[in-house]
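The values are calculated or read from the model by the stated rules, or taken from the named source; none is laboratory data. Source: prediction; values computed, not measured. With ideal geometry, Cβ positions are generated from the backbone for all residues, glycine too; neighbour counts draw on all protein chains shown.
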Amino acid sequence: MNDMTVLDKAVEIKNTKIAANDVHVYYGDAHAIKGVDVEIEDKTVTAFIGPSGCGKSTFLRCLNRMNDTIDICQVKGDILIDGEDIYDKRVDPVQLRAKVGMVFQKPNPFPKSIYDNVAYGPRIHGLAKTKADLDDIVEKSLRRGAIWDEVKDRLDKPGTGLSGGQQQRLCIARAVATEPEILLMDEPCSALDPIATAQVEELIDELRTSFSVVIVTHSMQQAARVSQKTAFFHLGNLVEFGETGKIFTNPEDPRTESYITGRIG
Amino acid sequence: MSDTSQTSSRQGSSLLELSERTKKRNAAEARFRGYGMTAIAIGLIMLMILVFTIISKGVGAFQQTFVTVQVELLADKLDKKGNRNLDDIKKVTTFGYSPLIRAAAETSVEQAGIATDLKSKDIAGLLSKNAAATLREYVVSNPNQIGDTVTFRFLAQSRVDGYLKGRVTRESIANDKNISVAQLDLVDQLVDAGVIQKSFNLAFIFGSDASDARPEAAGIGVSMLGSLFMMMVVLVLALPIGVAASIYLEEFAPQNWLTDIIEVNIANLAAVPSIVFGILGLAVFINYLHLPTSAPLVGGLVLTLMTLPTIIISTRASLKAVPPSIRDAALGVGASKMQAVFHHVLPLAAPGILTGTIIGLAQALGETAPLLLIGMVGFIASNAPDGLASGLLSPNSAMPAQIYEWAKRADPAFYERAWGGIIILLVFLITMNTIAVILRRRFERRW
Amino acid sequence: MPLLWLVLILIAASIVGFFLGRQRALHTADGNPRDLHSLPSYYGHNVAFTGLLPALIILVIWVLVQPIIIDNRVSNLIPSTAIPENSTLGLVMSDVRRVADGLDHAVSEGSLSSERASALQADKTDVRALLGESGIAVGNDVRPEILSAAQKYRKINHVGSSVMTALVLLIAGGGFIYAYSVTHKDFRARNIVERGVLGLLILAASLAILTTVGIVLSMFFETLNFFSLHSWKDFYLGTTWAPNFRGDSDLSILPLLWGTLYISVIALLVAVPIGLFAAVYLSEYANNTVRSFAKPLLEILAGIPTIVYGLFALLTVGPALVTFFGQGNNGILGVEWMAGATSVLTAGVVMGIMLIPFVSSLSDDIINAVPQTMRDGSLGLGATKSETIRQVVIPAALPGIVGAVLLAASRAIGETMIVVMGAGAIAKFSLNPLESMTTITTRIVSQLTGDTDFASPETLVAFALGLTLFVLTLGLNVLALYIVRKYREQYD
């Protein structure tokens, strides 16, 4: 067992999926992210933790350029995915976001049927040639979203009719359906009850086999449960980044310790 | 593991190269954006065309052609008894003045050194039919001038005016009995001699309407007063009633079916076609209550009912914007609910109420359809009211009704006046809306 | 104007009452306002309102009811033999009223003594000529029955007014005296006054209901009158509109409804795409600078009075269309399809322009109500903005947009000035948009402003048209408001 972990690690270190270098984000005059450097590995769950307003969500949204939709937002520095600068002029955010999927804080199914919700991404990206292909993708995605059994009999019913937890898993299935390589999750459980949260957390753990998952969470327990790596943000700075176990048991920075022990936040 | 193979189907493709599909989708995106911009552009172009049309066609109404002549006020024609008795002078009708005008017109042509074969009647025909009346008015108010020679600036008749403004051409008058080519030749010479001139026409803004045959004398002033009196009625009735209704609905009304009915009612009244309010006015105020037809009072009442929903909706919005903490604070120091509302909430909501009221008034000012039914169109507004009672009760027109009236008439000379009237109407509306916007900006409070 | 005087007297009395009441309250407290239950001014208001309001309310009710009673009493006096053929009681009554008004006018001018006016006899005096002298034109010769009815009318009217004045003054006086006598330092003046004010507020709020009731009633009874003279089947199911001032007209709404709907459809075809795309662009694409100038500019279009659009249709758009589609070989297209400036297309296009800002600002609100998370969800999946808008935002906003379009349709159907000036006057079923057609609102205006007799079916039909129009637009509005409200609740 021990050898296995070491071997895994050796592979992972070579497998840097996202590399951020000295990233700064400004909202107008406000300096929201102050020089963040981080390397996120493939097939890993990385958790961003920190007090509210520390910039963790902002940084997450930089990774698939969702910040582009906010007029006053400016991003400086380099973010490389597979060695390519995603803020390069030649990069189309649309193509980028197909590669970097995202799940949001509040479940946001479209006011369409469950089937159409999941089929939306594959349709716009032209992933299915035939109806059978599409059916296939939808079923596979719903299975990976761990919701297939609950909805297989009512695929034509509106997605908005599901419970909160089901809606969030539907949104995960929807994100998975576009075959991304990275999955960003912005506090995916904050609007859910404990049971639904447990289901989603279980799902995240399964997703790790196919994707590199980055999750923002305000719950330290959740970070400890689902992630292998944890990054602690404070006031726009990346304070500490490392193995989840180490961050929670033996943090290096006093600020991390204060947060973990509940003195700040 | 079979899943992974599918997931990684696009893995390895570079983000830096756009796929064919992305290019197509971006093109669709650009097209869609283009549709949006086109829609905005169409809207703005329509606005520009509208504004341009109004200004280019209406600005002419503010200029009018005048003929300067020297009239010898012959005593033997105007005051045959020679005793300067005003009653005797008044007995001379406008017909008695025509020969003087004819003579004066002929003289001024001679003095300008122009030779013409036209008869004096045709020369005088260049003047408005109003000229004799203007002259008579002058003589009656200045009887001691009889015997003198006085310089007058008479209105030119509308064809001459149209000729100077380019509306009338030698070709277009082929079948026109009012003017001949020879007369136009004379006009050209008189313009060179400075006898005929175009200048600013104050009478259009302040004057009264004129009959079909004298478009050159028509003005919008009297109907402006009609509109003013209507707006007074609207303001005096709609503001207090609207505010009272809003206070009740927003602050006191219990949640019950009656309140629901009132609310649904107000929402629907705001969307009832204005012509229906006209029918209501005709049936209730004129046929049932026997209020006088064409009276600004009736117009004001109808417009009040029409404006109320607008005022109520905006007043309620501004009452709602006052935070409950203000009410709590007043109640906390022992004020009654009524006192809290009237002493604290209402003053804070006042700017919003005022803004809504001005916008409602502006709407009412431009409304025409209901006025048609209560007889404010087709009436020649020739006399300015001389007081509050006559302003409210004696028949009058209103600005939009006057514009409609001119647009209906056969002589194209009236169209110019209709456009000109629109300029004046829009100046009022723009002023009112600007005041509303300034008020809103100035007093808008963010809680 | 005795009515005005009466009101002025009441107001003056209430002002005096205010000061008296306040003074008395202070007096009972020995001049120390702290001993009073309420602020001194409340005692004043109590006296003023108790005197003024009941009297004013009685006055208003009396003024509203008196005409009904008088009409009833007087019309009983008119024998059925006095009603000529092709006429109705209502028509005779309007003659009676005109004669009565004429007599009043003559008396007030002094050309007729009031005794003589009451004693006039139609077979001895030429009443028509008499009234003509004082500037009152009466259509026919005044028959004896009508004159005596008119005299009766005047008499009841006179008695009614006197009784009303006396009653109102009595109530006012009683109110003042009562309120003054109960004024005492322990009297709960504030509570009474506030209850009164609340009553006034309720009264103001119920005016909305009163207006609706007034609208419905004013049209309902005249519509009944119309249907008693003209078959409702012909009105709703006939196919010809041909009013004839000699009577016996074909009056059916269907050709008018056709014109109305045709023009409205063209207007919506212009306004909905342009308005919707403009709203989408402004709310989803435009940056603040563009929005801050384009939006108010577009809204100017909504603030322009309809008379301006009417003139624009009649004098600019119509003639412009004629240069394209009319004028034969002299025209731009060399075709002769259009006879005059007024046409369905003229009115429809201009109305469409008018509705652009209406559609766009309503849709703008509705699109903005779609939660941002929904857009984020779509963009996060790699959809372009336009894909997000077309496949997520618009479907989500669809109910609201449908509501907005219905409101716009109701506006188009009820619009008057543009069609009066731009659409024409010919009622027909035709598919050609270059022909002139007429609408419900246009006919309401022309039937009610014409010279036809008020009691004839040709005039009364306007009320039936008005009622139909009201019901039609009301239905659309209620439906639209309901849809929009449901839609908003969904995202609240």
Subject >> Subset tally (residues that are buried (at least 21 other Cβ atoms within 10 Å of the Cβ), more than 7 Å from every other protein chain (Cβ to nearest Cβ) and at pLDDT 85 or above) for region C:177-213 >> reply: 2
Original post:
Can you spot a residue in region C:284-300 that is within 25 Å of the chain's Cα centre (by Cα) and within 8 Å of another protein chain (Cβ to nearest Cβ)?
Top reply: yes
Original post:
Pick from C:458, C:489: which is away from chain B (no Cβ under 11 Å), under 21 Å from residue B:275 (Cα atoms) and assigned to a helix (DSSP H, G or I)?
Top reply: C:458
**OP:** Check B:389, B:398, B:362, B:384 and return the single one that is without any contact (Cβ under 8 Å) to a residue 40 or more places away in the chain and aliphatic (A, V, I, L, M).
**Re:** B:389
Original post:
Within region C:155-176, can one find any residue that is of a type in the set (D, E, K, R) and either touching a helix residue (DSSP H, G or I) at 6+ places or on another chain (Cβ under 8 Å) or crowded, with 21+ Cβ neighbours inside 10 Å (or both)?
Top reply: yes
Original post:
Right, residue C:378: free of Cβ contacts under 8 Å to residues at least 24 places away in the same chain, more than 30 Å from residue A:160 (Cα to Cα) and part of a helix (DSSP H, G or I) or not?
Top reply: no
Subject >> Residue tally, condition within 14 Å of chain C (Cβ to nearest Cβ) and surrounded by 21 or more Cβ atoms within 10 Å (Cβ to Cβ), over region B:364-388 >> reply: 14
Original post:
Only one residue in B:276, B:272, B:302, B:298 is without any contact (Cβ under 8 Å) to a residue 60 or more places away in the chain, buried (at least 19 other Cβ atoms within 10 Å of the Cβ) and not in a loop (DSSP other than H, G, I, E, B). Which one?
Top reply: B:276
Original post:
Does region A:20-39 hold any residues that are among the small types (Gly, Ala, Ser) and either at pLDDT 90 or above or assigned to a strand (DSSP E or B) (or both), and which are they?
Top reply: A:20, A:30, A:32, A:35
Original post:
Just wondering, is there one or more residues in region C:444-461 that are of a type in the set (Val, Ile, Thr), in contact with a strand residue (DSSP E or B) (Cβ under 9 Å, 6 or more places away or on another chain) and within 21 Å of residue C:224 (Cα to Cα)?
Top reply: yes
**OP:** Look through B:25, B:10, B:31, B:21 and report the one residue that is within 13 Å of chain C (Cβ to nearest Cβ), over 30 Å from residue B:414 (Cα atoms) and modelled with pLDDT under 85.
**Re:** B:10
Subject >> Leading residue by the ranking (farthest from residue C:456 (Cα to Cα)) among those in region C:217-243 that are outside any strand (DSSP E or B) and of a type in the set (Phe, Trp, Tyr) >> reply: C:236
Subject >> The listed residue being within 16 Å of the chain's Cα centre (by Cα) and among the hydroxyl-bearing types (Ser, Thr, Tyr), out of C:223, C:211, C:183 >> reply: C:211
Original post:
Quick one: in region B:237-256, which of the residues that are without any contact (Cβ under 8 Å) to a residue 40 or more places away in the chain and at the interface with chain C (Cβ under 10 Å from one of its Cβ atoms) is farthest from residue B:296 (Cα to Cα)?
Top reply: B:253
Original post:
Of the residues that sit in region C:33-47 and are in contact (Cβ under 8 Å) with a residue 40 or more places away in the chain and not polar (S, T, N, Q), which one is surrounded by the fewest Cβ atoms within 10 Å (Cβ to Cβ)?
Top reply: C:35
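I'd like the full set of residues that are of a type in the set (A, V, I, L, M, F, W, C), more than 12 Å from the chain's Cα centre (by Cα) and part of a strand (DSSP E or B), limited to region A:43-84.
A:49, A:73, A:75, A:79, A:80, A:81
Residue by residue, here is whether (1) within 11 Å of another protein chain (Cβ to nearest Cβ); (2) closer than 21 Å to residue A:159 by Cβ holds:
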| site | (1), (2) |
| --- | --- |
| C:380 | yes, yes |
| C:385 | yes, no |
| C:398 | yes, yes |
| C:402 | no, no |
| C:412 | yes, no |
| C:420 | yes, no |
| C:425 | no, no |
| C:431 | no, no |
**OP:** Scan region A:85-97 for residues that are more than 12 Å from residue A:65 (Cβ to Cβ) and either within 19 Å of the chain's Cα centre (by Cα) or modelled with pLDDT of 90 or more (or both) and report the count.
**Re:** 0
Subject >> Cβ-Cβ under 6 Å pairs, at least 6 apart or on other chains, region C:59-76 side at negative phi, far side of a type in the set (Gly, Ala, Ser) and at pLDDT 80 or above >> reply: C:66/C:160; C:74/C:149
**OP:** Spot the failing condition for residue B:309; the list is (1) under 30 Å from residue B:397 (Cβ atoms); (2) buried (at least 23 other Cβ atoms within 10 Å of the Cβ); (3) more than 8 Å from every other protein chain (Cβ to nearest Cβ), and only one is missed.
**Re:** (3)
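Do you know which of the residues in region B:257-276 that are of a type outside the set (Asp, Glu) and more than 7 Å from every other protein chain (Cβ to nearest Cβ) is farthest from the chain's Cα centre (by Cα)?
We begin by selecting, within region B:257-276, every residue of a type outside the set (Asp, Glu); these are B:257-259, B:261-262, B:264-276.
From what's left, more than 7 Å from every other protein chain (Cβ to nearest Cβ): B:257-259, B:264, B:270.
Values: B:257: 42, B:258: 40, B:259: 38, B:264: 33, B:270: 23 Å.
The qualifying residue farthest from the chain's Cα centre (by Cα) is B:257.
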Original post:
So which of A:82, A:88 is more than 9 Å from chain C (Cβ to nearest Cβ), of a type outside the set (Gly, Ala, Ser) and closer than 21 Å to residue A:242 by Cα?
Top reply: A:82
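Among residues belonging to region B:399-447 that are among the polar types (S, T, N, Q) and surrounded by 15 or more Cβ atoms within 10 Å (Cβ to Cβ), point out the one that is nearest to residue C:310 (Cα to Cα).
Filtering region B:399-447 for residues that are among the polar types (S, T, N, Q) and surrounded by 15 or more Cβ atoms within 10 Å (Cβ to Cβ), the one nearest to residue C:310 (Cα to Cα) comes out as B:402.
From C:308, C:350, grab the single residue that is without any contact (Cβ under 8 Å) to a residue 40 or more places away in the chain, buried (at least 24 other Cβ atoms within 10 Å of the Cβ) and within 12 Å of chain B (Cβ to nearest Cβ).
C:308 is the lone residue from the list that is without any contact (Cβ under 8 Å) to a residue 40 or more places away in the chain, buried (at least 24 other Cβ atoms within 10 Å of the Cβ) and within 12 Å of chain B (Cβ to nearest Cβ).
Look at residue C:10 and say whether it is of a type in the set (A, V, I, L, M), part of a helix (DSSP H, G or I) and either more than 26 Å from residue C:158 (Cβ to Cβ) or within 14 Å of another protein chain (Cβ to nearest Cβ) (or both).
So residue C:10 does not fit the description; no.
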Original post:
Within region A:163-175, can one find any residue that is within 11 Å of chain C (Cβ to nearest Cβ), of a type in the set (A, V, I, L, M, F, W, C), surrounded by 23 or more Cβ atoms within 10 Å (Cβ to Cβ) and in contact with a strand residue (DSSP E or B) (Cβ under 8 Å, 6 or more places away or on another chain)?
Top reply: yes
Original post:
Taking region C:221-239 only, how many residues are facing chain B (nearest Cβ under 10 Å) and at pLDDT 90 or above?
Top reply: 0
Original post:
Out of the residues in region B:389-406 that are over 25 Å from residue C:454 (Cβ atoms) and among the small types (Gly, Ala, Ser), which is nearest to the other protein chains (Cβ to nearest Cβ)?
Top reply: B:389
